[in-house]
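J.: Input: one structure, supplied below.
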Amino acid sequence: MNNVKIQMKNIFKVFETEEMETHALRDISLTIYEGDYISISGPSGCGKSTLLSLMGLLDEATSGEYFLEGVDVSHLTLDEAAGVRNEKIGFVFQSFNLIDELSVFDNVALPLRYSDKKWKGEELKVRVSECLNMVGMTHRASHKPNQLSGGQQQRIAIARALVAEPAILLVDEPTGNLDSKSGDKVMDVLSELNENGTTICMVTHDPRYADLARTQMKLLDGVFLQGAVLKDKAKEIT
């Protein structure tokens, strides 16, 4: 059996104000294995991005258990969560979040410069070049992000997310700011990365792209709909 990367058990997330409670997630349980490619889809407001925020340790569940590579990360301090996040999780957002003042190379290298491993010199250069090559953007290493198309910027963002060799890549609406042609190219990159071993969990509202994942799960009103389509075995699992 493959190694378990993420295991969530009975996760609830409630947002409270003085006037009301909003139950964003209700009793969510999820296991992601090494090499998985999972899509989570559903209508706006169903809890997709909330779930991804919990998985990425950007927020904490109201209740439930969360294990990342077998370690309980359910109740970390902010500093502890930041440390685990930097070491174990790669993020890709629809807004790219690149720094225009830095070159493509330096954008991708940024996580390594802040890593506890203290990457330097030739080792850092080789790793950044490897990741740019993975997304077909080696020839743009010296460019600035604002000199690139949206699709090219998203591929750079993917390279940056991969550079520190995270346990999992969390992808939030990666084609949301792209035209269909650029979106297709970005999805091709993700599929190729998964075929080469990268573990991916992607949130998307687009059913065309959700269907590209090996396993497709659907959220509605904070609850997984019964059964997940597992493409590898062409059957439904519950």
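J.: Given the chain, what percent of its DSSP beta bridges are antiparallel, to the nearest 5? Could you put the intermediate results ahead of the total?
T.: Working: 23 of 40 bridges.
Expressed as a percentage, antiparallel bridges in the chain total about 60.
J.: May I ask for the distance between the Cα centers of the range 4-46 and the range 59-118, given as a whole number of Å?
T.: 18 Å
J.: How much length would be gained if the chain were fully extended between N196 and V71, taking 0.36 nm per residue of separation minus their Cα-Cα distance, in nm to one decimal? Write down the numbers at each step before the final one.
T.: Working: separation 125, 0.36 × 125 = 45.00 nm, distance 2.53 nm.
Length difference between fully extended and current span is 42.5 nm.
J.: As an exercise, use a Förster radius of 41 Å and the Cβ-Cβ distance of V126 and D27 to find the FRET efficiency, rounded to the nearest 0.05. Could the numbers behind the result be given before it?
T.: Numbers: r = 45 Å, r/R0 = 1.10.
In this case the efficiency is close to 0.35.
J.: Now, a different point. Could you give each residue of the range 145-153 its phi-based ³J(HN,Hα) in whole Hz, using Karplus coefficients 6.51, -1.76, 1.60 with θ = phi - 60°, and x for Gly or Pro?
T.: x, 6, 9, 10, 6, x, x, 5, 4
J.: Let me test this: with uniform point scatterers at the alpha carbons of the range 1-48, what is the Debye-based log₁₀ I(q)/I(0) at q = 0.13, 0.15, 0.33 1/Å?
T.: -0.43, -0.54, -1.17
J.: What is the distance in Å between the Cα centroid of the range 141-162 and that of the range 197-221?
T.: 23 Å
J.: I've got another one for you. Provide, in order from the shortest bin, the percent of all Cα-Cα pairs of the chain in each 10 Å bin, continuing until the bin that contains the maximum pair distance.
T.: 8, 32, 36, 20, 5, 0
J.: When the expected Rg is taken as 2.2 N^0.38 Å, what fraction or multiple of it is the alpha-carbon Rg of the range 1-101?
T.: Details: Rg = 14.6 Å, N = 101, 2.2 N^0.38 = 12.7 Å.
Here the answer is 1.15, to two decimals.
J.: Sticking with this structure for a sec: In the neighborhood of V189, defined by Cβ-to-Cβ distances under 12 Å, what is the net charge if each Lys or Arg adds +1 and each Asp or Glu adds -1? Please report the intermediate quantities before stating the final value.
T.: Details: positive: R155, K185; negative: D184, D188, E192, E195.
It works out to a net charge of -2.
J.: On to the next question. For the range 61-68, take each phi angle, set θ = phi - 60°, evaluate the Karplus expression 6.51 cos²θ - 1.76 cosθ + 1.60, and give the result in whole Hz per residue in order, putting x for glycine and proline.
T.: 5, 5, 7, x, 10, 9, 10, 10
Laboratory data are not the source of any read-out in this text; all were calculated from the coordinates shown. The structure presented is a predicted model; accordingly, all values stated were derived computationally and were not measured. When we count neighbours, we look across all protein chains shown, and the Cβ atoms used for this are built from the backbone with ideal geometry, even at glycine.
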